Amino acid sequence: QVQLVESGGGLVPAGGSLRLSCAASGRTFSVYAVGWFRQAPGNEREFVAAIRRSGSSTYNADSVKGRFTVSRENAKNMVYLQMNSLKPEDTAVYYCAAAQASYSSLANEYDYWGQGTRVTVSS
């Protein structure tokens with residue numbers, strides 16, 4: 001089992017940047033693929049980005065391609081989401097999740113979830 005804690009959210013103007021962090025504890029983190037999801041008020045949770053166990057490959061949603069970058073440091077049990085050129089529509093609670101299977105854009109394929117960190121982008 002693994003526990004996940006997100007941090008780094010906040011209020012930022014449109015065009016700004018934030019880096020979200022996901023800290024893992026418990027079982028060896030490198031056995032898990034990790035995904036980032038977000039949920040805006042009144043919306044369903046949506047996929048943002050994912051990274052393989054080794055960090056050798058990543059996968060981004062079309063809505064964030066070219067703006068968001070996911071990375072990980074297994075030695076530190078950390079995963080990051082660098083968010084640049086933020087837009088008001090990026091406003092949401094962001095969650096990291098860990099999957100024992102391969103990385104995926106489907107929320108139901110992830111086994112463990114953090115509590116989320118709120119990102120608000122002002123126009």
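Which ³J(HN,Hα) values in Hz, rounded to whole numbers, follow from the phi angles of the range 62-73 under the Karplus curve 6.51 cos²θ - 1.76 cosθ + 1.60, where θ = phi - 60° and Gly and Pro get x?
4, 5, 10, 4, x, 10, 10, 9, 9, 8, 8, 10
Rounded, prolate or oblate: which fits the range 70-114 when a ≥ b ≥ c are the square roots of the eigenvalues of the alpha-carbon gyration tensor, with rounded for a/c under 1.5 and prolate only if a/b beats b/c?
Since a/c reaches 1.5 but b/c is at least a/b, the shape of the range 70-114 is classed as oblate.
In nanometres, what is the gap between the two model label sites at Ala75 and Ser57, each 7 Å from Cα along Cα-to-Cβ?
So the label points at Ala75 and Ser57 sit 2.5 nm apart.
So which residue, out of Val34, Val70, Val93, gets the largest mean-square fluctuation from a GNM of the chain using Cα contacts under 10 Å as springs?
Val93
Let me know the volume per residue of the alpha-carbon convex hull for the range 27-123, in Å³.
Spread over its residues, the Cα hull of the range 27-123 gives 97 Å³ apiece.
Coordinate-derived values only; no laboratory data. These numbers come from a predicted model, not from an experiment. Cβ: placed from backbone, ideal geometry, glycine included. Neighbour counts: every protein chain shown.
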